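FYI, it's all coordinate maths here, none of it is from the lab. The model shown is predicted, which means the values in this text are computed figures rather than measured ones. Neighbour counts run over all protein chains shown; Cβ positions are idealised from the backbone, glycine included.
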Amino acid sequence: MMELMHRAKVRRIDEDAPYYDSGLMKSRSFTLNLLRIIGVNMTRENGAGNSEQGLVYTNGNWAANQNGINDYGIMSAIALAGDTGYGILLGTGTTSPTVSDYVMETLIDQGAGAGELNYGSTVVEIPSVDGTDFVLPVWRSFSNTSGGNITVQEIGLMVHHYYSTSSVLNFMIAHDLLNFTINDGDAATVEYLVKIS
């Protein structure tokens, strides 16, 4: 069985120990985009846009979903610091996620202005064994230097995926609600954990 878990920790920027830890929680929604990317890469059959094998990217349009020939279909979540196009993203939306989601409801922008967070790089660790489970941790750190407290209400995981042999777009593969506050001057780490039992 494959599961997706998530967790958020908040700490003062100069301290290691968190003062808030949501604990590891079961994610409520992989998205259809994830299954479509996996399916097309496994079958090596290109998925046409506007079909069950196609992908919906962040502006709501369809893309063709290439099959991985010559490494073009591979997913990447390793976003650089400051990049809010993909990787783990935070937002303030409160609508319950669905499997059809393709974009954050209300993305928190990168920066030090009011309502903004500093995004660290997204880290994808090497899969490992945890007891009887195989786990793949994906995490990202955030810091708040905005001058005010910021309440995070949604988290998401976006990946780079080629929709043609030369063009790449960002696609949402997970979306969840998780309510926590990052106080001004504090930092947080948000983790997705893919687990196979």
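Can you tell me which of 175-182, 188-195, 144-151 comes out highest on packing, and rank the rest after it, using the mean Cβ neighbours within 10 Å?
Order by mean packing, descending: 188-195, 175-182, 144-151.
Name the residues whose placed amide hydrogens come within less than 5 Å of the amide hydrogen of LEU178, ignoring near sequence neighbours (fewer than 5 apart) on the same chain.
Excluding prolines and chain starts, which carry no amide H, the hits are GLU154, ILE155.
Does a label point 7 Å from the Cα of MET25, set along Cα-to-beta-carbon, have any residues of segment 1-15 with amide nitrogen under 15 Å, and which are they?
What the label zone holds, given the 15 Å backbone N cut-off, is 4-10.
Name the long-range amide H neighbours of SER121: under 5 Å, sequence gap of 5 or more, or other chain; modelled H, no Pro or chain starts.
ALA81, SER141
Using amide H atoms built in the peptide plane, which far-off residues or other-chain residues are under 5 Å from THR145 H to H?
Amide H to amide H, under 5 Å and 5 or more residues apart or across chains, THR145 pairs with ASN118, GLY185.
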